[in-house]
Structure formats: structure tokens, C-alpha cells
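Working notes, structure below.
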Number of protein chains: 2
Amino acid sequence: MLDGHKRKRRFRDPGRTRERLLQAAFREVHRSGFRSAGIDTILAATNVTKGALYYHFDSKEALGYAIVEEIIAKLVRDGWLRPLLSDGQPIDILIGIVRRIPARPEDIRAGCPLLNLAQEMSPLDEQFRKRLERIFLSWQEGVATLLRKGQSQGTVRRNLNPDEAASFLIAMVEGYGSLAKNAQDAKVWEVGIRNIVEWLRSLRAPRQSRRGGRRATNRVQGKG
Amino acid sequence: MLDGHKRKRRFRDPGRTRERLLQAAFREVHRSGFRSAGIDTILAATNVTKGALYYHFDSKEALGYAIVEEIIAKLVRDGWLRPLLSDGQPIDILIGIVRRIPARPEDIRAGCPLLNLAQEMSPLDEQFRKRLERIFLSWQEGVATLLRKGQSQGTVRRNLNPDEAASFLIAMVEGYGSLAKNAQDAKVWEVGIRNIVEWLRSLRAPRQSRRGGRRATNRVQGKG
DNA sequence: TCTAACATACAGACAAGTATGTATGTTAAT
DNA sequence: ATTAACATACATACTTGTCTGTATGTTAGA
């Protein structure tokens, strides 16, 4: 135990202070948006003072960029990119991921942190935009790669463009997220998930072209 | 010409002043978001003074509500609800509407005014939320009604839920709009429209169940 | 028709609060 | 003992909204 990571809960633990500031800032930004997020609110939530915050972050913008790169990027990695590498059929993996998206009332109300920041800041701040776009691209690329894998395995239709299908999926997830957020109603989200899942099923290759036989509960492409 | 509506372009024209304020406020809110929209910016854009603005609107919130009810609601009426009543096959009508959504660079950059306000204000201000929800509901209801008409005419698949399909369409439109806004790239939007149109085509009833014969350019449901 | 009385539609300075960021002092750790 | 890691007080800018004043329009009465 060479590093003093938590050997006694020291008075000064700059790494921890920084992390607590980041987490509190993320929550505040998630609730109020970046521009309306108050520095004082973050300080009150952490019992950290302004001097300490501005010691760790040069400005409010720098704090915002850190939220994107360290917290939101991690959410996408943990919620999507890593699960995308699971074992199993690509479509099943995607359905599992989509179904596991958090849907507690507070998540619905506040909306997707990534989309919220993108909506608010992308037209106003190119630095924000670039960082957010990187995350969107990694998300899309991850899904597209899995779909390509499914195509080469024969479980995903070959007549679809993996990049566009990935983008389609992301647009739907974020679109339904927005509708549910505005309705402030988790049911809107649940219905959305059902329809996204149905669409994902429609991406399966028809039975005869598959290698492993699989019972065809494949519903029609439209909607139930 | 009993009313003095425009008999000489008077110095005082309260109706026009109010309308100019509304339009300028809409543009400023569209660009900057509601909370970051500056009253002074609106005043500078219109050469109207603060006293005049607060004569016509009780508060900044009241101005925001008026933007929703008078401007954004009208955009949805003109861009969707009225066109939905056109002659022709429902799916064709929807495709036409979707294709006619403005896609100039400035529209892409700023994003959909309805979604922007909903994203920003719905979790924070119930009065905003309710007004915006009314618009979303009228939008969804209009699309659903047209789909039902198509079902009874036999041009739209009967195994779909019109309300959910309408919601699906709206989620896609707004989702792609968000992605394009974040990418600041009209191409993202164009690709989105292509995919939305393909999905809309997949809602057509199969040929044999239709009344009027129509050449079947119906592509597969997935993606090109 | 002329005018007194009043209402409407503004103008512009100012108040009050809130925001971020800085300057400087203090304490803990190496 | 030096410096990193804070604490505190304050400067500065910007926000919405109010307040008083004024010019114009409208109406009622003689």
C-alpha cells in the first residue's frame, strides 16, 4: 500500500476532493443544465470552498469538460461499449443493453446526461461539442461493429448499413428519452423501449440464411 | 376601413410591437435557450425599450409561454397538422412532410425549437412543460389520425398501433435532429431523413390487401 | 367642435440580486 | 521549510424587474 489512497481518510486528499467536486458538479449540471448550474450549489453539496474548486479546475468550462471526459464518457463505456463485447448474438446483446438503460423516475425527469449537454452546449461552445461528438462517435462505432459481426456470423440481415443502423438506434434511444423527459412519464419510455426492441428484432437475418437454428418469434417489422 | 389597422403606420402600434417582440424573443431563445436568452438582446434587436416589453408581457416567463403558444404551436400547425390533412395516401403525405422539414445550416445548428425548449424547461418549469406537452400531443394525435385513416383505406398495415407509430416517428425526427445538431452537420440529418422515409415505407400494407393497385417499390423494412 | 379628463404605450434610469472569478491568507504534508 | 492544498473575503459584471415620467390616443361633455 504505497499510495496513500485511503490509509486513514486524511484531511487533505486532493484526488478525492477533485472526484467529489466532479460528481457533485455532474449531478448539478444534470439537473439544471450547464449554464444554470451554480458553482455555489456544487460547493454547498460538497462542503468544499471556492478556492479549492478553482485550485482543481481553471474555470467553470474546464469543470464542464472534465464532466464530459471523465464521467459521461464512463457512463457510455459502462452502459454500452463494454456490454457490446459480451458473448451472444448481437441483436440479443443490443436488446439486453437497451432494456437495462436506467429508467427510474429521476432518470426520466432529468434526461440523458449526454444528450442534455449536447443539446445545450453544442451550438454554443465548440470545445464542448467536440468532446461530446467523440462520445457519440464511439457509441455509434461500437454498435456498428457489433452489427457487422452479426452480419458476418449470419444472424443480422446483410442488406442494412451498420453505421446507419447504429445511428438509427441512437436517434431512437435519444428521441424517446426526450419525449419521456418532456412528458415526465416513465411509461412513454417503456413504450419506446418496446418499439425499439421490435425494430431490433426486425434486423435479424431470415431463418434460412442463419447458421444456428433459432425459433422464429420474429414479429413483423412495423409495430405490435 | 373602420379600424385603424394600418391606415398610416402610426408611431404607436401595440399589436405590431408585441409581435416584433415575440419574433425577436423566439429567435433569441432559439439560439441561446430560454434561461440564457437576454432581455437586453431582444430589446436591442427590436429597438424596443424595457418599459415597452414589460408593458406587453408580465415577466420573462410570460414571454416564454407566449413564444410556445403563439409561435411554436403555429410552426407545428403549419409544418405538420395542416399538411397532414392533404389529399393523397397517408404514407406519401408523411414522407412529403418529413422531407420538407427545413434543413438549412442554421436550422440544424440551432435545433428544433420545440425540442430545445422541452429539453431545457420541462424538468424545471411545469407551466412550460404543460404547454409544450400539448403541442407534442397534438402532433402525435394528428399523425395517428392519419395512420388510422390509412388503415381503414387499406393502404397502411393493420398490425400497427397508430399512436405508437406516431410516437415512434416523432422520436426519430427529434432524435435525428439532436444528433445532427450535435454534429453540426446537415448530412447527419439527411441520412436520418432517408432512414425515416424507409421506415415509413415499411408501414405500407402489402399489395394484395390494398384496394387501388400501386407499383411496389416497397423496400425491405430494415435499412438500405 | 373644442377641450378636459383619462387611458394606453411607451422611455430610460435605477435597484437588487446573483454569477463567476480573484487576491490573499492559512494550514497540512513532505 | 517549502509548497501543495485549501479557506475567506471581495471585486466585477450581468441579470431581471421596477419606478417614475412622458407622449400619444381616446372619450365625454358643453
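Residue-normalised convex hull volume from the C-alpha trace of segment A:77-130: 98 Å³ per residue. The H on the amide N of B:V156, modeled in the peptide plane, is under 5 Å from the matching H of B:Q151, B:A205, each at least 5 residues off or on a different chain. Three semi-axes describe the equivalent ellipsoid of the protein assembly as shown; taken as square roots of 5 times the Cα gyration tensor eigenvalues and ordered largest first, they are 38, 36, 16 Å.
Each residue of segment A:169-177 was assigned a 3J(HN,Hα) from its phi angle through the Karplus expression (A = 6.51, B = -1.76, C = 1.60, θ = phi - 60°), giving 4, 5, 4, 5, 4, 6, x, 5, x Hz with x at Gly and Pro. Counting lysine pairs in chain B whose alpha carbons fall under 25 angstrom apart, excluding pairs fewer than 8 residues apart on the same chain, gives 11. With its label point put 7 Å out from Cα toward Cβ, B:Y55 sits 5.6 nm from the same residue's point in the other copies, in order from shortest. Normalising the average separation of contacting C-alpha pairs (under 8 angstrom, six or more residues apart) by the number of residues puts the relative contact order of chain B at 19 percent. Each Lys and Arg contributes +1 and each Asp and Glu -1, all at the Cβ; summed about the Cα centre of chain A, the dipole is approximately 1060 debye. Quote the relative contact order of segment B:13-57 in percent (integer), defining contacts as alpha-carbon pairs under 8 Å separated by 6+ residues. Once normalised by length, the contact order is 41 percent. Ordering of A:95-106, B:145-156 by packing is B:145-156, A:95-106, highest average first (other Cβ atoms within 10 Å, averaged per residue).
If you average 1/r over every pair of different alpha-carbon atoms in segment B:64-153 and take one over that average, what Kirkwood value in Å do you get?
The answer is 14.1 Å.
Placing a label point 7 Å from the Cα of B:N161 along the Cα-to-Cβ direction, the distances to the matching points in the other copies come to 3.1 nm, shortest first. Give me the percent of Cα-Cα pairs in chain A that sit more than 31 Å apart, rounded to a whole number. Tail of the P(r) past 31 Å holds 34 percent of the pairs.
Accessible surface for segment A:67-209, divided over its residues, is 40 Å² per residue with a 1.4 Å probe. Entry for segment A:13-57 at q = 0.17, 0.20, 0.25, 0.26 Å⁻¹: log10 I(q)/I(0) = -0.40, -0.54, -0.83, -0.89, Debye formula applied to identical alpha-carbon scatterers, no solvent contribution. Derived scalar couplings between HN and Hα for segment B:185-192 equal 8, 5, 5, 4, 5, 4, 4, x Hz in order, rounded to whole Hz, by the Karplus curve 6.51 cos²θ - 1.76 cosθ + 1.60 (θ = phi - 60°), x for Gly and Pro. Per-residue Karplus couplings for segment B:26-41, computed as 6.51 cos²θ - 1.76 cosθ + 1.60 with θ equal to phi - 60°, are listed in order as 4, 4, 5, 5, 5, 6, 9, x, 5, 5, 8, 5, x, 4, 4, 4 Hz, Gly and Pro entered as x. Let a ≥ b ≥ c be the square roots of the eigenvalues of the Cα gyration tensor of segment A:105-170; is it rounded (a/c under 1.5), or, if not, prolate (a/b larger than b/c) or oblate? Prolate is the answer for segment A:105-170, as a/c is 1.5 or above and a/b outweighs b/c. In this Cβ point-charge picture (+1 for Lys and Arg, -1 for Asp and Glu), segment B:20-124 has a dipole of about 220 debye about its Cα centre. Measure nothing but the geometry: give the 0 to 90° angle between the long axis through the Cα atoms of B:126-153 and the longest principal axis through the Cα atoms of chain B, rounded to 10°. The answer is roughly 30 degrees.
The values are calculated or read from the model by the stated rules, or taken from the named source; none is laboratory data. What you are looking at is a predicted structure, and each value in this text was computed from that prediction instead of being measured. Note that we place each Cβ from the backbone using ideal geometry, even for glycine, and neighbour counts take in every protein chain shown. Just so you know, the surface numbers come from the protein's heavy atoms only, side chains and all, with ligands and any DNA or RNA stripped out. Shrake-Rupley method; radii C 1.70, N 1.55, O 1.52, S 1.80 Å.
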